[in-house]
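Below you'll find the structure, written out as structure tokens, and then a few comments.
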Amino acid sequence: MSEMVSKGRFGRFGGRYVPETLMPALEELEIAYGEARGDPAYHEELAYYLREFVGRPTPLYLAERLSDDLGVLKVYLKREDLCHTGAHKINNTLAQVLLARRLGKTRIIAETGAGQHGVATATAAALFGLDCDIYMGEEDIGRQSLNVFRMRLLGARVIPVTSGSKTLKDATNETLRDWTASVRTTHYIIGSVVGPHPFPEMIRDCQSVIGREAREQILEAEGRLPDACVACVGGGSNSIGLFHPFVDDADVALIGVEAGGRGLDSEEHGASLTAGRVGVLHGCETFLLYDDDGQIIPAHSVSAGLDYPGVGPEHSHLKDSGRARYVTVEDHDALKAFQKLSVLEGIIPAFESAHAISYLDRMAEETREAGEMKTVVLCLSGRGDKDVHQAEGLLTEMLDDEEVR
Ligand SMILES: *Cc1c(COP(=O)(O)O)cnc(C)c1O
């Protein structure tokens, strides 16, 4: 195996499948990140901004009414929804903006689909007065006007992408192209644990703050580790962030919940791990959704954040090795869970996080059948304010149905 594809492997997944012209940028980043990772000053600065700007540590909240409802599960919610900007994405963008400043870069670029990563990137860039260009498919720009406005309000430029399907996949290609030509001044912040080495590893480290805090908090609350960690999986960053500090604890089950969309048979879903095949996309080898001609199949989910046709290579390895398990939840059930958590806990979750919540019903059923009780840590990756408008249309009928209450 050449050096190009053997670097940054998770088992047989990952690597660095990029044109020669992109190699210098990736090598520079790998070295710079290696240095930052070993530098206490970097960690001190990051810890300061995570505390003072993001609002960390986020609480690990015992969801009592939800636990009562499930009966056999004691559920703790890791409240990433309480992070500044309303989700875990800021953990990554902030850490990387600090890295960019170390490198003397003055400009930040990123791709965005629904706009959540674009907003988190623009936020971190604004904090330090860095130039910020966000690539976004024209199709997505039309659908997500509020987030486009947020990015502009934060001082970023939103660049429309008109190639291909005019969505996230194409925006990612454009951002990589920009970076190839602009690396001297520019840092590229990928939005999840995907892309060529060192991105999946670096972003996992940024998000692992979720699992490190949760581990400490659950030990404090319960005096022992949880039986399971549960999180939704889009590209895989909030889930790997929760899982990673528990990987060596063999008794802790790791369960990732993918978007089942309209059902696996419908081909309208986002379940790359459950229903995909191994291939190469955006510089790394991993499970993907593609057809027999090798064409990427557009992912579908009611939640825009789970709508990615690939997944981080480390998850592919965790699945392959059997260390983690991946399940799916369909749109309809996620919507029910969206309402359920709102009613039971006074917490409106992001549609993405609602997938993880919904899986608890199935887990409770299995646990009951086995005659057990379990303690679960669930990553509540974001708050649902961004989804309320969409939910209003989708849920009105369901809310009239007493059965759901
Ligand atoms: C983007 C997003 C996700 C999915 O991304 P991951 O990289 O899989 O974490 C999940 N939840 C929320 C709230 C998001 O904004």
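The values are calculated or read from the model by the stated rules, or taken from the named source; none is laboratory data. Being a predicted model, the structure only gives us computed values, none of them experimental. In this analysis, Cβ positions are derived from the backbone assuming ideal geometry, glycine residues included, and neighbour counts consider all displayed protein chains.
Quick notes
- Taken as a whole, the stretch 260-271 holds at least one residue that is among the hydroxyl-bearing types (Ser, Thr, Tyr) and more than 20 Å from the chain's Cα centre (by Cα).
- Answer from GLY393, GLY294, GLY371 - the residue that is loosely packed, with under 15 Cβ neighbours inside 10 Å, part of a helix (DSSP H, G or I) and away from the ligand (no atom under 14 Å from the Cβ): GLY393
- Matching residues, the stretch 163-207, being out of contact with any Phe, Trp or Tyr (no Cβ under 9 Å at 6 or more places or on another chain), more than 14 Å from the ligand (Cβ to nearest atom), more than 20 Å from ARG107 (Cα to Cα) and modelled with pLDDT of 95 or more: HIS197
- Count of residues meeting criterion [in a loop (DSSP other than H, G, I, E, B), closer than 26 Å to MET202 by Cβ, more than 16 Å from the ligand (Cβ to nearest atom) and not hydrophobic (A, V, I, L, M, F, W, C)] in the stretch 214-249: 2
- Among residues of the stretch 88-139 being within 13 Å of the ligand (Cβ to nearest atom) and part of a loop (DSSP other than H, G, I, E, B), the one that is nearest to ALA156 (Cα to Cα) is GLY115.
- First in the stretch 138-161 and farther than 10 Å from ALA122 by Cβ, second anywhere and of a type in the set (A, V, I, L, M) and part of a loop (DSSP other than H, G, I, E, B), Cβ under 7 Å, 6 or more apart: ASP140/ALA114; GLN144/ALA114
- Subset of the stretch 272-291 (residues that are in a strand (DSSP E or B), under 18 Å from the mean Cα position of the chain (by Cα) and over 11 Å from GLY14 (Cα atoms)): LEU288
- The one condition in (1) within 16 Å of the ligand (Cβ to nearest atom); (2) out of contact with any Asp or Glu (no Cβ under 6 Å at 6 or more places or on another chain); (3) within 26 Å of ASP140 (Cβ to Cβ); (4) not polar (S, T, N, Q) that GLU267 fails to fulfil: (1)
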